[in-house]
Structures are given as structure tokens and as C-alpha cells.
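*Asks:* There's a structure below that I have some questions on.
The values are calculated or read from the model by the stated rules, or taken from the named source; none is laboratory data. Owing to the predicted nature of the structure, the values given are computational and were not obtained by experimental measurement. All Cβ positions, glycine included, derive from the backbone under ideal geometry; neighbour counts span all protein chains shown. Surface accessibility is based on the protein's heavy atoms, side chains included, excluding ligands, DNA and RNA. Shrake-Rupley method; radii C 1.70, N 1.55, O 1.52, S 1.80 Å.
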Amino acid sequence: MQFIDIHGHYAWDIDDGMPTQEDAIKALHVAKQNNITTIVATPHVIPGSHTLEDIKHIKDRINELKELALKNNITVYQGCELFLNHDCIQALQNDLFIPFEGTSYLLAEFDVRKELGSHDEVEDYLYEIEVRGLTPIVAHVERYFKDEVDIERVQDFIESGYVIQVNTSSLLGVHGKTVKNNAYRLIDEGLVHVIATDTHRCEGHRIPRMQEAYDVLSKQYDYHILKTLMFDNPLHILQNEAVEDIEVKKSFFKKLFTRR
Ligand SMILES: [Fe+2]
């Protein structure tokens, strides 16, 4: 199967992702080996610390990445990962963000070092995105719950029309047991729309491990579910269409014999 990766820090020397162009080239090779055909470059944008000039610089760097990626037959789209802090409303007002190219989707994240904040710093910020005609894609939802994922809260996000993204690194256990359990629980509950790599490096754990994640997940989830999460919904997003919900019915035997 081919994959579309809508979350990755492939653009170099611009955030905590790829340090150099050489690293970016290596990461593109890894992406290729993982059957990734299309990438959305999503550098971090931090409201309060980025200017319009910075946004232009980020876009220029993504354009350079596009050229490099074409040599590997990988198509790159422009995007960002907007950090939703107390300055984010001002950033939204001043165009200090980059929606996914040609679409009204915007990848947004909260602070992964903390438990998900209160209504006025989570739902209110997501609403600020929504009222501007944009659809938030909530990045790596599984990472904001240090104890156990709040299923009802994620359901509310979906009912509001938001897209839920989970990381391959979480599913592969890079961020610990709780985050891994949260990620699987979200899939089991049918509360995930997209799986993406959140690639930061060209070696180690935070590389584009899409094929590896697919191989692990295929032991317990049907092909059509994984195709929805790793190809169809990402494609819907790039075509500015609505995403599909998944309906997970795990087979008894798969459940019995799968160890996480
Ligand atoms: Fe990210």
C-alpha cells in the first residue's frame, strides 16, 4: 500500500525537525522506503515568537524541500503545525500560520509536556480556528493525556467537525506505555481519522516509520481501516474534502492473539 504522511518536520533548519538539508534528504529516502508518496511539511509555528517574515522563510524552505522530494518521486505540500498557546488568536488574526496547501485544513497542537488544558485554552482555541472557516486537525491527540485518554472529550472534538490525528511513533511505543495505550484505544473506539509520522529525524525512532506501523497494525486491524487512516483520509484532506469515520470491529482471534 502507498501512504500519505500529513505531519512531518522534514523541512530543515527551521524548527526542532531536520537539522540540515542532508538530514532532510536522508529522511526523504526513508519515507520512500516506507512507501510514502506524498508529504505535508508541517514545521512548528509558535504564536508570539514567529513573524510574517518567518512564515515567508518557512514557505521558502518548504519550496526547497519540494524540489528535493521530487527527485524521490515524493510530492510535498505546504503546511504547518500551529501551537495553540495564549497568543494563538492574535496569530490567527494576523495570518501567522500556514493551512495545508490548497485546503482549509490546519494542523494544530497543544503542549505535549502537560495534561490537556481547560476548555478555555483548548476548545475555545479550536473554535477560533473553526470560526475562520478552517478545520482543525488535532495533532497527536494521544499524547495530551498522561493517565488515560478522555474518550468523551475526543468524541466532542469529532462532533465539532475536527479531525483527529495519531502518531506512528505513539503506536510503536516511542512515547511510553500510556501514550501507546491511548493511541490504540482511540482507534478501537473509532475516534481516529489519520495516522501520520510526525517525523523529526532521519535516524532513530522519529523517522517516517509508516510501513513498519502498518505491518504492526495489520495484525489486528482490517486493511480497509488502515487504508482509510493512512491513505484515503489524508487524500480527502489534500482534496479539501470531509474525512471518513472508521468503524472498528476487531475479530475475536486477532484480539486474542495480539499482544501490545
Ligand atoms: Fe509535529
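*Asks:* Order Glu241, Glu67, Glu53, Glu142, most accessible first, counting only protein heavy atoms with a 1.4 angstrom probe.
*Replies:* Glu53, Glu67, Glu241, Glu142
*Asks:* For the chain, with a Gaussian network of springs between Cα atoms less than 10 Å apart, report the residue from Lys32, Lys180, Lys56 with the top mean-square fluctuation.
*Replies:* Result: Lys56 has the largest fluctuation of those listed.
*Asks:* Just want the answer: with Cβ charges of +1 for Lys and Arg and -1 for Asp and Glu, which residue in Pro47, Gln155, His29 is farthest toward the dipole's positive end in the chain?
*Replies:* Toward the positive end, the furthest listed residue is His29.
*Asks:* Next up: Please list the non-local residues whose amide H lies under 5 Å from the amide H of Glu81, H modeled 1.01 Å from N, same-chain partners needing a gap of 5 or more.
*Replies:* For Glu81, the qualifying residues are His44, Val45.
*Asks:* Hey, another quick one. Who wins for biggest fluctuation among Pro43, Pro19, Pro208 in a Gaussian network model of the chain, springs between alpha carbons below 10 Å?
*Replies:* Comparing Pro43, Pro19, Pro208 in the GNM, the peak value goes to Pro19.
*Asks:* Using Stokes-Einstein with the Kirkwood hydrodynamic radius over Cα pairs, what translational diffusion coefficient do you get for the chain at 10 °C and a viscosity of 1.306 mPa s, in µm²/s rounded to a whole number?
*Replies:* The diffusion coefficient I find is 87 µm²/s.
*Asks:* Roll a 1.4 Å probe over the protein heavy atoms and report the accessible area of His44 in Å², nearest 10.
*Replies:* His44 exposes around 30 Å² with every protein chain in place.
*Asks:* On full extension of the chain, what length is gained from Lys32 through Leu172, given 0.36 nm per residue of separation minus the C-alpha to C-alpha distance?
*Replies:* 48.5 nm
*Asks:* Provide the gained length on full extension for the span Leu70 to Arg132, in nm with one decimal, where the gain is 0.36 nm per separating residue minus the Cα-Cα distance.
*Replies:* Between Leu70 and Arg132, full extension yields an extra 19.1 nm.
*Asks:* Choose one of Pro234, Gln220, Thr103: the residue whose Cα lies farthest towards the positive end of the charge dipole of the range 3-257 (beta-carbon charges +1 Lys, Arg; -1 Asp, Glu; about the Cα centre).
*Replies:* About the Cα centre, the residue reaching furthest to the positive side is Gln220.
*Asks:* Over the chain, what is the relative contact order in whole percent, taking alpha-carbon pairs under 8 Å and six or more residues apart? Numbers along the way, then the final one.
*Replies:* Values: 499 pairs, mean separation 52.4, N = 260.
Relative CO of the chain lands at 20 percent.
*Asks:* Further, regarding this structure: Using the Karplus curve 6.51 cos²θ - 1.76 cosθ + 1.60 with θ = phi - 60°, what ³J(HN,Hα) values do you get for each residue of the range 223-228, in whole Hz, with x for Gly and Pro?
*Replies:* Those phi angles translate into 3, 5, 5, 5, 5, 4 Hz.
*Asks:* Could you tell me the calculated FRET efficiency between Glu212 and Glu247, based on Cβ-Cβ distance and R0 = 30 angstrom, to the nearest 0.05?
*Replies:* Once the sixth-power term is evaluated, E becomes 0.75.
*Asks:* If I model a spin label as a point 7 Å beyond the Cα along the Cα-Cβ vector, how far apart are those points for Glu121 and His224 in nm?
*Replies:* 4.3 nm
*Asks:* Listed here are the pairs Lys177/Lys227; Lys32/Lys227; Lys66/Lys114; which of them are more than 23 Å apart at the Cα?
*Replies:* Lys177/Lys227; Lys66/Lys114
*Asks:* Relative to the Cα centre, what is the charge dipole magnitude of the range 3-257, using +1 at the beta carbon of each Lys and Arg, -1 at the beta carbon of each Asp and Glu, and rounding to the nearest 20 debye?
*Replies:* 1200 debye
*Asks:* Ok, one more. Determine ³J(HN,Hα), in whole Hz, for all residues of the range 76-90 in sequence, where each value follows from phi through the Karplus function 6.51 cos²θ - 1.76 cosθ + 1.60 and θ = phi - 60°; x replaces Gly and Pro.
*Replies:* The phi angles translate into 10, 10, 7, x, 7, 10, 7, 7, 8, 10, 5, 9, 5, 5, 4 Hz.
*Asks:* Let me ask something else. Just by accessible area at a 1.4 angstrom probe, what is the order of Lys114, Lys71, Lys66, Lys26 from largest to smallest?
*Replies:* Numbers: Lys114 125, Lys71 165, Lys66 45, Lys26 95 Å².
So the residues, ranked largest to smallest area, are Lys71, Lys114, Lys26, Lys66.
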